[in-house]
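A.B. asks: To start, I am sharing the structure in question, which I have written as structure tokens.
The values are calculated or read from the model by the stated rules, or taken from the named source; none is laboratory data. Because the structure is a prediction, the values reported are computed rather than measured. Positions of Cβ are backbone-derived with ideal geometry, glycine not excepted, and every protein chain shown enters the neighbour counts. The protein model used for the area step is the full one, side chains on, heavy atoms only, and it has no ligands, DNA or RNA in it. Shrake-Rupley method; radii C 1.70, N 1.55, O 1.52, S 1.80 Å.
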Amino acid sequence: MGSRTLSIGASLDSPDGHFERNHTENGSMVSLKFHEPNGVLDQGHQVSSPVRRDVNRSLSGVKFLENDDLDLEDGKLEKDRNKTGRSNKAVKIQNQALLSGLAYCLSSCSMILVNKFVLSGYDFNAGISLMLYQNFISVVIVSILSSMGLISREPLTWRLIKVWLPVNVIFVGMLLTSMFSLKYINVAMVTVLKNVTNVITAVGEMYLFKKHHDSRVWAALFLMIVSAVSGGITDLSFHAIGYSWQIVNCFLTASYSLTLRRVMDTAKQVTKSGNLNEFSMVLLNNTLSLPLGILLIFVFNEVDYLYTTPLLRRPDFWLVMTLSGFLGLAISFTSMWFLHQTGATTYSLVGSLNKIPLSVAGIVLFHVPTSLENSASIFFGLLAGVFFARAKMREKTQS
């Protein structure tokens, strides 16, 4: 949970640029005034004497040798400067990739931990209202950035809304079930149980898109199922309601991913530019979720709770809730930045590795009671996620 959109259609790899800098120096012209034996200064008249010719040849050789040395020096300087320029550019790109990766990992981890803190730490029992507030913040920020010309997005039309509405219903259900499960289950087990989504997605791809996976992928998926089952059995803080919500969340998340692939092509055809970028998807999803979220608040009777809870009168609670809204949008921005600086392969692998410190932080920060068996199951599930990412990379390379 935590990202406002799950997939990005294409990855952008940033090629290493290079600098070209031309450096030219002119060699110094050497001149000599030659005195005749009679002591009179020669001012340009030609004298054909063996001595004069020998001196001229010698001076000419010195001049050419000096120019050659200067040319060699210029070439060496130019090569060194080009090499330095390329080296500086490579270091800059590496720094950008590292910075974007850290920003993506920090925002995605912080989003889940902050939501867990709001729902469990504050004991806030209005997950729909939390989602509604987060999505409202995303709509406001994206609209402001778009009006300032900092980002580009597609205008919302009725044709686009009608095409996107079924996806948005699944999107809202995905966010809400993630909120509900996170309230009852610790962060580490939520992370492991989310691996079941990959299993459902793989089966859906096989039946809907006739896509076949190799043995490594299925082996990784089997390990994910084993780790989820063993983790649930050994979970000392097992909560049936939380696990039920998480199972529903896995099906909704997989449905969102599979449905998005079908709807994206149709949605692009009804846009003015024929494209639908990440910012347009963020605005579209979050804008459409607002009226649906308001309806669900009344359906689940969260209005009475919001009237009576003292949390809404605490400034620190509003600060944390607002932070969660900014983090939700930050995931979309940092994921695009990280993809642009690296590529889909690195992005997928880092996303899998990122679950390890997230699980550890969730156990430590929220003082989750655990056992050796449960910790081993969690670690096994995290490794299965990394193995799955590597298997998908190899499958993509082979295809």
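A.B. asks: Looking at the stretch 320-340, is at least one residue open to solvent by less than 30 Å² (accessible area, probe 1.4 Å) and outside any helix (DSSP H, G or I)?
C.D. replies: No, that holds for no residue.
A.B. asks: Same structure, new question: In this structure, is SER255 hydroxyl-bearing (Ser, Thr, Tyr) and more than 21 Å from PHE380 (Cβ to Cβ)?
C.D. replies: Judged against the criteria, SER255 is a match.
A.B. asks: Let me ask something additional. Is it true that THR271 is out of contact with any Cys (no Cβ under 6 Å at 6 or more places or on another chain) and farther than 30 Å from SER152 by Cβ?
C.D. replies: In short, no.
A.B. asks: In addition: Is it the case that the stretch 292-305 has a residue that's hydrophobic (A, V, I, L, M, F, W, C), open to solvent by less than 10 Å² (accessible area, probe 1.4 Å) and assigned to a helix (DSSP H, G or I)?
C.D. replies: Scanning the stretch 292-305 turns up no residue that is hydrophobic (A, V, I, L, M, F, W, C), open to solvent by less than 10 Å² (accessible area, probe 1.4 Å) and assigned to a helix (DSSP H, G or I).
A.B. asks: Which members of the stretch 209-258 meet the condition of being within 29 Å of the chain's Cα centre (by Cα), of a type in the set (S, T, N, Q) and open to solvent by 40 Å² or more (accessible area, probe 1.4 Å)?
C.D. replies: Across the stretch 209-258, the qualifying residues are SER215, SER255.
A.B. asks: Output the residues belonging to the stretch 259-278 that are crowded, with 21+ Cβ neighbours inside 10 Å and in a helix (DSSP H, G or I).
C.D. replies: ALA267
A.B. asks: Please verify whether the stretch 334-344 includes one or more residues that are free of Cβ contacts under 8 Å to residues at least 24 places away in the same chain, under 20 Å from VAL187 (Cβ atoms) and out of contact with any Asp or Glu (no Cβ under 7 Å at 6 or more places or on another chain).
C.D. replies: No, that holds for no residue.
A.B. asks: What is the residue count in the stretch 341-360 for residues that are in a helix (DSSP H, G or I), farther than 19 Å from VAL226 by Cβ and open to solvent by less than 30 Å² (accessible area, probe 1.4 Å)?
C.D. replies: Residues in the stretch 341-360 being in a helix (DSSP H, G or I), farther than 19 Å from VAL226 by Cβ and open to solvent by less than 30 Å² (accessible area, probe 1.4 Å): 2 in total.
A.B. asks: Additional query: Just one of SER110, SER120, SER100, SER146 is out of contact with any Phe, Trp or Tyr (no Cβ under 6 Å at 6 or more places or on another chain) and under 23 Å from ASN277 (Cα atoms); which is it?
C.D. replies: SER146
A.B. asks: Restricted to the stretch 148-173, and to residues that are open to solvent by 10 Å² or more (accessible area, probe 1.4 Å) and within 21 Å of the chain's Cα centre (by Cα), which residue is farthest from ARG262 (Cα to Cα)?
C.D. replies: LEU150
A.B. asks: Ok, one more. Pick out the one residue from LEU102, LEU119, LEU145 that is closer than 26 Å to GLN269 by Cα and either part of a helix (DSSP H, G or I) or open to solvent by 30 Å² or more (accessible area, probe 1.4 Å) (or both).
C.D. replies: The unique qualifying residue is LEU145.
A.B. asks: It is to be established whether one or more residues within the stretch 249-271 are at pLDDT 90 or above, more than 16 Å from TRP164 (Cβ to Cβ) and in contact with a Gly (Cβ under 8 Å, 6 or more places away or on another chain).
C.D. replies: yes
A.B. asks: Of (1) within 24 Å of MET174 (Cβ to Cβ); (2) open to solvent by less than 10 Å² (accessible area, probe 1.4 Å); (3) modelled with pLDDT of 90 or more, VAL282 satisfies all except one. Which?
C.D. replies: It fails just one condition, (3).
A.B. asks: Collect the residues in the stretch 363-374 that are surrounded by 17 or more Cβ atoms within 10 Å (Cβ to Cβ) and either at pLDDT below 90 or not in a helix (DSSP H, G or I) (or both), keeping them in residue-number order.
C.D. replies: Scanning the stretch 363-374 gives VAL368, THR370.
A.B. asks: Kindly list, by first and then second residue, each pair from a residue in the stretch 201-223 that is small (Gly, Ala, Ser) to a residue that is open to solvent by less than 80 Å² (accessible area, probe 1.4 Å) and assigned to a loop (DSSP other than H, G, I, E, B), limited to pairs with Cβ atoms under 8 Å and residues at least 6 apart or on different chains.
C.D. replies: Listed pairs, sorted by first residue: ALA202/HIS213.
A.B. asks: Sort through ALA188, ALA202 and tell me the only one that's touching a Gly at 6+ places or on another chain (Cβ under 9 Å) and either part of a helix (DSSP H, G or I) or open to solvent by 20 Å² or more (accessible area, probe 1.4 Å) (or both).
C.D. replies: ALA188
A.B. asks: A follow-up question, please. List pairs: first residue in the stretch 378-399 and open to solvent by 100 Å² or more (accessible area, probe 1.4 Å), second residue among the acidic types (Asp, Glu) anywhere in the structure, Cβ distance under 9 angstrom, at least six positions apart or on different chains.
C.D. replies: Listed by first residue and then by second, the contacts come to ARG394/ASP214; GLN398/ASP214.
A.B. asks: Search the stretch 301-324 for residues that are touching a residue at least 40 places away in the same chain (Cβ under 8 Å) and pair each with any residue that is part of a helix (DSSP H, G or I) and among the polar types (S, T, N, Q) when their beta-carbon atoms are under 6 Å apart and the residues are at least 6 apart or on different chains.
C.D. replies: Going by the 6 Å Cβ cut-off, the qualifying pairs are GLU302/SER129; SER324/ASN115; SER324/GLN134.
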